[in-house]
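*Asks:* Starting off with a structure, shown below.
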Amino acid sequence: MDRLCGLAKRPAWHKAAPSLLVREDPASKPSAKVAGFDLNDTLVSSKIGAPGYQVTVSDWIFYSAAVPRRVAQLHEQGFRLVIFTNQGNIRSALDGKRAEAFKGYVDDFAKKLEVPILVIASTQRDKYRKPNTGMWEHLAKVNGVAIDLAESFYIGDAAGGAGEHSADDAEFAKAVGVRFTHTRDYFGPAGGGPSEAGTAEGPPKKVARLSGLGDSLAKSPEKPICIPGSRPDPPVVLILVGLPGCGKSTFADRLGPPAGSEDRVGMPWRRVCQDLLRSKEACVRAASTCLSQGISVIIDRTNINAEQRAPWVSLAAAQGAACHALVFDVPLEECCRRAQAREQHEGGLRGGSVRLVVSKLNKTLQPVSADEAQGFARVRVVTADADLEEERHYYGCSQVEAAREAGKGPETEASTTPPDELQRKLKLLTSMGFPADASAAALEAAAGDTNAAANSLLAERLVE
């Protein structure tokens, strides 16, 4: 009827659920590619610096001058533009004063944007509120075509960084399964001109996988490499690769105790961690000692480029061990969020310096190339919890858990240690780079506890 009368259908608001406001624009066509955006401090800001829930039709401005241009480019490239916004101040009053103020400035924003955009707003703390995925699920129902998650993305300002109110945007993107880009990385600084948004056009660049070799190498054997009551034969040098906060140490700790520790005696793995041993040289010595005893080692360092990985490949070859690489492909923002949330870290990386350090390391990440892979018996990439669980099973984490459940935790020793055992412990400490005299004194003070002695020696080294 509208078409017969020569009238174009106009955008309109409706209640899609008791807590969900939706602005439908007939010109917003279904697409497999979705460009998702947060609203406040991503697409719009307040002229007077008011918080998002107080913005009005007379107060809003574009977040930066780059917003209209970049959003229009995405529309031209076939993306469906969608806003996902939390507007909790509206609550259940979807027709109330605050709701009308919100609709008013969004209508004005959309008019000045001059491209069709779908708006989905959650108004209560329920399944629709980010980081929950209810708003995305609503989109999937009404979109008309299946959404290609690999081609879609989400842009927002809440990634858990310093001064940010939450990590809701980054967590929303992760939960949905699309890549996340921070507002400032795509639109530039607030109030900035188009040139400050960078020169890249179109959607954010896809984050390259750290290694694409997972599918090209032979699939893992169905049976774990390490079965209860045995050790990998030959021993394995397992190199963990990834940024701080990607989960390396959590994985390594479940697989085996630190090198030199008396914890979980008899386990087939030892964790070689530079945050504990304080130098690469000490790590090499500790790994060499373990391998000479037939004990496999997990190299718990960032190992982010071929140069850092090469010494471990060489060590494995020299010791007749198999060399494996496990690559943790976790987005930068997620690594920063996890690292910032840590209350304790063996290397002292926490607080406000985290993002700077992790971002700097991210710039030097180097994939495991086809040439480099020749030195590995196995390379795998983990991107999800399911992948990680498979790797835990493959490397025998179940043994460690079983030992813990059976009460085989840290073992106490008598204050008098047999001479041959004392020599073994002294040899282990000196292999880590500690002087023999200091090692003997530390062992005596720790009643033969190698782990306590090593910690004491490390503390003295840090003071020096």
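*Asks:* What are the residues in the stretch 77-94 that are over 21 Å from Asp185 (Cα atoms) and surrounded by fewer than 17 Cβ atoms within 10 Å (Cβ to Cβ), if any? Steps first, please.
*Replies:* Quick first cut of the stretch 77-94, residues over 21 Å from Asp185 (Cα atoms) only: 78, 86-94.
Answer for the stretch 77-94, where residues must be over 21 Å from Asp185 (Cα atoms) and surrounded by fewer than 17 Cβ atoms within 10 Å (Cβ to Cβ): Gly78, Gly88, Asn89, Arg91, Ser92, Ala93.
*Asks:* Go through (1) charged (D, E, K, R); (2) surrounded by fewer than 16 Cβ atoms within 10 Å (Cβ to Cβ); (3) under 22 Å from Gly52 (Cα atoms); (4) touching a residue at least 12 places away in the same chain (Cβ under 8 Å) for Lys97 and report which single condition fails.
*Replies:* (4)
*Asks:* Let me ask something else. Every residue in the stretch 114-141 that is without any contact (Cβ under 8 Å) to a residue 40 or more places away in the chain and touching a Gly at 6+ places or on another chain (Cβ under 9 Å), please.
*Replies:* Start the filter on the stretch 114-141 by keeping residues that are without any contact (Cβ under 8 Å) to a residue 40 or more places away in the chain, which leaves 125, 127, 137, 140-141.
Once the filter is applied, which keeps residues that are without any contact (Cβ under 8 Å) to a residue 40 or more places away in the chain and touching a Gly at 6+ places or on another chain (Cβ under 9 Å), the stretch 114-141 yields Arg125, Lys127.
*Asks:* Anything in the stretch 42-60 that is buried (at least 16 other Cβ atoms within 10 Å of the Cβ) and within 21 Å of His165 (Cα to Cα)? List them, or say none.
*Replies:* Let us first name the residues in the stretch 42-60 that are buried (at least 16 other Cβ atoms within 10 Å of the Cβ), namely 42-46, 52, 55, 59-60.
Result: Thr42, Leu43, Val44, Ser45, Ser46, Gly52, Val55, Trp60.
*Asks:* I need a count of the residues in the stretch 123-166 that are aliphatic (A, V, I, L, M), surrounded by 18 or more Cβ atoms within 10 Å (Cβ to Cβ) and in a loop (DSSP other than H, G, I, E, B).
*Replies:* Just the residues of the stretch 123-166 that are aliphatic (A, V, I, L, M), to begin with: 135, 139-140, 142, 145-147, 149-150, 155, 158-159, 162.
Now drop any that are not surrounded by 18 or more Cβ atoms within 10 Å (Cβ to Cβ), which leaves 135, 139, 147, 155, 158-159.
Remaining after also requiring in a loop (DSSP other than H, G, I, E, B): 147, 158-159.
So the count comes out to 3.
*Asks:* Still on this model: Got at least one residue in the stretch 152-168 being under 16 Å from Phe37 (Cβ atoms), acidic (Asp, Glu) and within 26 Å of the chain's Cα centre (by Cα)? If you could, list the steps in order and put the result at the bottom.
*Replies:* Restricting attention to the stretch 152-168, the residues satisfying the condition of being under 16 Å from Phe37 (Cβ atoms) are 152-159, 168.
From what is left, the residues that are acidic (Asp, Glu) are 157, 168.
Pick out the ones that are also within 26 Å of the chain's Cα centre (by Cα) and you get 157, 168.
Yes, the stretch 152-168 has at least one match.
*Asks:* Another question, then. In the stretch 68-110, which residues are modelled with pLDDT of 95 or more and of a type in the set (Val, Ile, Thr)?
*Replies:* Answer for the stretch 68-110, where residues must be modelled with pLDDT of 95 or more and of a type in the set (Val, Ile, Thr): Val71, Val82, Ile83, Thr85, Val106.
The values are calculated or read from the model by the stated rules, or taken from the named source; none is laboratory data. Small disclaimer: the values here were computed from a predicted structure and weren't measured. Every residue, glycine as well, gets a Cβ built from its backbone with ideal geometry; the counts of neighbours run over all protein chains shown.
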